[in-house]
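Peer 1: Before I ask anything, let me first share the structure, which is written out below as structure tokens.
Every number here is computed from the coordinates shown, using simple stated rules; none is lab data. If you're wondering where the values come from, they're calculated on a predicted model, not measured in any experiment. Positions of Cβ are backbone-derived with ideal geometry, glycine not excepted, and every protein chain shown enters the neighbour counts.
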Number of protein chains: 2
Amino acid sequence: MDRIPILRMGHFLLVTIQIDLYDRLATNLESDLVQMVNKTGARGVLIDISALSIVDSFMGRILGNIGSMSKIMDAETVVVGMQPAVAITLIELGLELKGVHTALNVERGMQLLKERIGSDDEDESEADEDSFE
Amino acid sequence: MDRIPILRMGHFLLVTIQIDLYDRLATNLESDLVQMVNKTGARGVLIDISALSIVDSFMGRILGNIGSMSKIMDAETVVVGMQPAVAITLIELGLELKGVHTALNVERGMQLLKERIGSDDEDESEADEDSFE
């Protein structure tokens, strides 16, 4: 597999990382995400890592890169679903995931993004959430 | 990897299939999904297969199984993101994906689910979408 699918959900993009990222996969993910943010005008990026039992320094750097790139494109990044063991390892490794927010799961991550972004861009939206009852 | 992560989003569950399902992975996915539907009271299951360039008869059967199982648990299943080539192959193979709906992408799939399910279960919801503005 060369590419990780990026799902558009309203104002946000969702990426589920299920396998270890190797070089090309990581590079593709970074460039795909930036292009998707540009194309869709997304205001937030959710990255689900609940399937990962290990996050090493490479992965930590990629997540940081994605956060920084998205920030430049005016989108916030939230990493969600981190396993407790991964959180412990990250701290032990001294990795801080600078520039990205974290949340327990996708729902809370989405809530966080909505709070941070507010409702200042409703007019751009073709999102379904708007009509959800 | 033994398990594909299942993300809860409001009333719905979202699964992104990124790699070919082998036996155990498929069995785990089926049982995990049914348990998640039971635990969360989800009304719909979205399965994103945009990363798959091939859907063979095994995968077709698994998708059908998931659809049937979810139906019994009172949840609808929508397969989203199918690549054009996959649609062609499915028809050439004579596979019909009975019991599952399809939609072009996650947003449209979610819209479809919302239309089918209506708003008869708002009270059960701890979903974030309700407060989305």
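Peer 1: Per DSSP helix of 4 or more residues, -39500 (n - 2.57); summed, then divided by the residues of chain A. What does that give at 222 nm, rounded to the nearest 500?
Peer 2: -13500 deg cm²/dmol
Peer 1: For B:T89, B:T27, what's the fewest-to-most ordering of other Cβ within 10 Å of each Cβ?
Peer 2: B:T27, B:T89
Peer 1: Can you tell me what share of the DSSP beta bridges in region A:6-131 is antiparallel? A percent to the nearest 5 is fine.
Peer 2: Around 25 percent of the beta bridges assigned by DSSP in region A:6-131 are antiparallel ones.
Peer 1: Antiparallel as a % of all DSSP beta bridges within the protein assembly as shown, to the nearest 5?
Peer 2: That works out to approximately 25 percent antiparallel.
Peer 1: Follow-up question, since we're still on this one. Are there any chymotrypsin sites (Phe, Trp or Tyr not before Pro) in region A:1-104 that are in a DSSP loop and have at most 14 other Cβ atoms within 10 Å? List them by number.
Peer 2: Those satisfying the criteria are A:Y22.
Peer 1: Given the C-alpha atoms of the protein assembly as shown, compute the convex hull and give its volume per residue in Å³.
Peer 2: In the protein assembly as shown, the Cα hull volume divided by residue count equals 122 Å³.
Peer 1: How would region A:1-55 be classified by its alpha-carbon gyration tensor: rounded, prolate or oblate, with rounded meaning a/c under 1.5 and the a/b versus b/c comparison settling the rest?
Peer 2: oblate
Peer 1: List the pairs from A:K39/B:K114; A:K39/B:K98; A:K71/B:K71; A:K114/B:K98 whose alpha-carbon separation is above 31 Å, in the order I gave them.
Peer 2: Checking Cα-Cα distances, A:K39/B:K98; A:K71/B:K71; A:K114/B:K98 exceed 31 Å.
Peer 1: Here is a follow-up. Order of B:D56, B:D48 from fewest to most other C-beta atoms within 10 Å?
Peer 2: The most exposed by this proxy come first: B:D56, B:D48.
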